[in-house]
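A short write-up of the structure that comes next.
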Amino acid sequence: MVNITAKGVDDVEGSSQEAAPTTSFIFNAPVHSSVIGTHNTAELFTNFAFSSIEARIEREGDADAEERREALAEVRRLLEEGETLDRGALSRFSATMQRHEWFTGSVMQALLGFATQASG
């Protein structure tokens, strides 16, 4: 038994539509704790420890180590004293932060964690 379908007729007559090409995107970026797709909610979890950043600075021990220690101490001071972060507060550390992306990410994690935690 042979079934004739609309798709089969279209194929035989040459009037079938070609499938639209699909577009795919490849992102080569770290997506740890990211919200991807059509998710409606996100939760932020902060597990920042100054000690782990201090340990990495010590391990690397490069020429910028002292400046990163100073920057980290400044961030810690700002957060512990509950001061507002003024524009340019960390600008003197700008060059070091550009050279050490991991350090900048850690500083931002500390600041974001502080800004998103409930007061009280």
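What follows draws every value from the coordinates through simple rules; no lab data is involved. The structure displayed is predicted, hence computed values, not measured ones. In this analysis, Cβ positions are derived from the backbone assuming ideal geometry, glycine residues included, and neighbour counts consider all displayed protein chains.
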Can you give the local net charge around ILE53? Use residues other than it whose beta-carbon is closer than 12 angstrom to its beta-carbon, Lys and Arg +1, Asp and Glu -1. +2
Among SER94, VAL107, THR84 the positive-end extreme of the charge dipole of the range 67-120 (Cβ point charges): SER94
Rg to Rh quotient for the range 50-115, alpha carbon positions, Kirkwood Rh: 0.94
